[in-house]
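Notes for the one structure printed next.
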Amino acid sequence: MRKGPDQVRLTGHLPGLDGVRGLAILMVMAVHFVGDATARTAAERLVVKLASYGVLGVDLFFVLSGLLITGLLLDAKNSPHYFRNFYARRTLRIFPLYYLVLATLFIVLPRIGALSPALEEARERQVWLWTYTANFYIAAKSSWAALTYFSHFWSLAIEEHFYLLWPLVVFGFRREALERLCVFVIVGGAALRLALAAAGVSELSISVLTPCRVDALCVGALLAVLSRRADGGQSLVRDSGRAALYLGGLIVAISTWCALMKTGLPLLHQIRSSLYSLFFGALSLLSLRSPRHLVARVFQGRLLRFFGKYSYGLYVYHGLLTWYFLERRMGDRIGAALGHHSLAIAVTAAFGIGASLVIAVLSYEMFEKRFLQLKRFFEAGHELAAPAAAPRIAGVPEP
C-alpha cells in the first residue's frame with residue numbers, strides 16, 4: 001500500500017531522533033552549568049530551578065537508547081554475525097573515547113604533575129570506572145561527589161549494561177514475547193523503585209542503580225518493537241501528541257501535589273519518574289512526524305541535530321569541565337571580575353558549554369571518527385575476508 005501524506009518512516013536513520021539527542025545533552029549541560037549555581041535573587045532562583053530539571057535529560061537519553069538500539073537489533077536479527085557486528089560497532093563507538101579519557105587523566109597526567117585533590121580522589125577509586133560499575137559505587141555512597149570528576153559516568157555504566165545484555169534478549173524472544181517482556185520490565189522497574197523508596201533507600205541511590213533505571217530503556221525498546229507491527233507503528237506516531245499532553249498533565253498534577261502537600265514524596269517521585277519516561281517516549285515519536293508539525297520541525301532542525309551529533313563527547317567532557325570549574329572557583333572569579341552575579345552565571349554557563357562543544361567537536365573529528373570508519377567492516381552482509389566489497393559510509397554514523 002502506498003504511504004499517505006501523514007505516514008512516516010520509522011526505520012533507518014531518523015533525523016528527528018538526532019534532534020531529541022541534542023535536546024537531551026543540552027538539558028544535561030544546563031543542570032551542571034546553571035542548575036548547580038548559587039542563586040541570590042528571585043529571578044536567579046527561577047532560572048536555577050528550571051535548569052535543575054535538566055537532570056531529566058538522562059532519562060531522555062535512556063528512552064532514546066532503548067528505541068534506537070532495539071530497532072537496530074530487530075532489523076539485524078536474521079542477519080549473519082548478529083552478535084559480532086553489534087558488539088564490535090558498540091565497542092568502536094563507546095570505548096575509544098571513554099578509555100582515552102581514563103588513560104589520560106589516570107595514567108598520563110600523574111606522570112606530568114600532581115593531580116588536584118578531587119581528581120586524585122577519583123583516581124583512588126578508578127577501578128569502578130574501568131569496569132563500568134561507577135553507578136553501583138555512587139549508589140553505595142549515596143553521593144554525587146563519590147567519584148568527583150567522573151560521577152556523571154554512572155549513566156554510561158547503565159547504558160553499557162544494557163548494551164551487553166539486551167542483544168541476547170532480543171535474539172532469544174519473538175517480537176510478541178518481547179513486547180510482553182518490555183511491559184513486564186517497565187512495570188517491574190517502577191515496582192522495584194517504589195519498594196526501595198518504601199524501605200528508606202535514598203532517592204539518589206535508587207536513581208543510579210541499573211535495575212531501577214532499565215524501565216526507561218525498555219520504554220524506548222517497547223516503542224521500537226511496536227513500530228514493527230503490521231501498520232509500521234503509524235498509529236503510535238499519530239497518537240504521540242495526544243499521549244504527550246496527557247502524560248505531561250499527569251506529571252504537572254503530581255508535581256503540584258508534591259509542592260503543595262509535601263506528603264508521600266519518595267513514592268510519588270518514583271511514580272513521576274515512570275511518567276517522565278513515558279512522556280519522553282511520546283516526545284521521541286512526536287519528533288518523527290512530518291516537518292509540517294512544529295515540534296517535529298524543531299527536532300529535525302539543524303541546531304538540535306548539531307548538538308545531537310556531538311552529544312557523546314559533550315556528555316563526557318562537560319562533566320569534567322564542571323568539576324574543573326568547581327575546583328578553580330570559576331564562577332566566583334568571573335563574578336568578581338564582572339561585578340554582577342546573574343551575568344556571571346550566564347557567562348560561566350556560556351563558557352562551559354562553549355568549551356565543551358569545542359573539545360567535543362575536535363575529539364569527534366580528529367579521534368572518534370577514525371574508529372567510526374571501522375564500523376563499515378561490521379555491517380549486515382559484510383564479510384571480513386572481503387574488505388573491497390564493504391559499502392561506503394554514508395552520512396553521520398549512528399550513535
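Could you list, in sequence order, the residues of the range 285-315 that are of a type in the set (S, T, N, Q) and within 30 Å of L100 (Cβ to Cβ)? Break it down into steps so the answer makes sense when it comes.
At the first step, the residues of the range 285-315 found to be of a type in the set (S, T, N, Q) are 287, 290, 300, 311.
S311, the sole residue that qualifies.
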Looking only at the range 289-313, how many residues end up being assigned to a loop (DSSP other than H, G, I, E, B) and modelled with pLDDT of 95 or more? 3
Given the options S207, S240, name the one that is farther than 15 Å from F62 by Cβ, of a type in the set (S, T, N, Q) and part of a helix (DSSP H, G or I). S240
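Out of I359, I393, which single residue is modelled with pLDDT under 95, open to solvent by 60 Å² or more (accessible area, probe 1.4 Å) and β-branched (V, I, T)? Let's see the steps before the verdict.
Values: I359 fails: modelled with pLDDT under 95.
Being modelled with pLDDT under 95, open to solvent by 60 Å² or more (accessible area, probe 1.4 Å) and β-branched (V, I, T) holds for just one of I359, I393, which is I393.
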All-but-one check, A37 against (1) among the hydrophobic types (A, V, I, L, M, F, W, C); (2) in a helix (DSSP H, G or I); (3) open to solvent by 20 Å² or more (accessible area, probe 1.4 Å); (4) in contact with a helix residue (DSSP H, G or I) (Cβ under 7 Å, 6 or more places away or on another chain), failing number (2)
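Give the range 263-292 a look and list any residue that's more than 19 Å from L64 (Cβ to Cβ), in contact (Cβ under 8 Å) with a residue 24 or more places away in the chain and surrounded by fewer than 23 Cβ atoms within 10 Å (Cβ to Cβ), or say none. I'd like the intermediate steps shown before the answer.
To start, the set of residues in the range 263-292 that are more than 19 Å from L64 (Cβ to Cβ) comprises 263-272, 290-292.
Checking which are in contact (Cβ under 8 Å) with a residue 24 or more places away in the chain leaves us with 266-267, 269-271, 290.
Within the range 263-292, P266, L267, H269, I271, S290 qualify.
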Would you check if there is a residue in the range 13-21 being modelled with pLDDT of 95 or more and touching a Lys or Arg at 6+ places or on another chain (Cβ under 7 Å)? yes
Given the conditions (1) farther than 15 Å from G281 by Cα; (2) modelled with pLDDT of 95 or more, and given that A243 satisfies all but one, which numbered condition is not satisfied? (1)
Among (1) closer than 23 Å to I25 by Cα; (2) at pLDDT 95 or above, the one test that L374 misses: (1)
Odd one out for T104, checked against (1) out of contact with any Lys or Arg (no Cβ under 8 Å at 6 or more places or on another chain); (2) open to solvent by 30 Å² or more (accessible area, probe 1.4 Å); (3) touching a residue at least 24 places away in the same chain (Cβ under 8 Å): (3)
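Each row is one residue, and each column tells you yes or no for (1) of a type in the set (D, E); (2) within 28 Å of L73 (Cα to Cα).
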{"position": "L115", "(1), (2)": "no, no"}
{"position": "R125", "(1), (2)": "no, no"}
{"position": "W128", "(1), (2)": "no, no"}
{"position": "T133", "(1), (2)": "no, yes"}
{"position": "F136", "(1), (2)": "no, yes"}
{"position": "F153", "(1), (2)": "no, yes"}
{"position": "E159", "(1), (2)": "yes, yes"}
{"position": "W166", "(1), (2)": "no, yes"}
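The values are calculated or read from the model by the stated rules, or taken from the named source; none is laboratory data. Keep in mind that this is a model prediction, so the values were computed, not measured. Using ideal geometry, Cβ is built from the backbone for each residue, glycine included, and neighbour counts are taken over all protein chains shown. We work out accessible area using only protein heavy atoms, side chains counted, and drop any ligands, DNA or RNA first. Shrake-Rupley method; radii C 1.70, N 1.55, O 1.52, S 1.80 Å.
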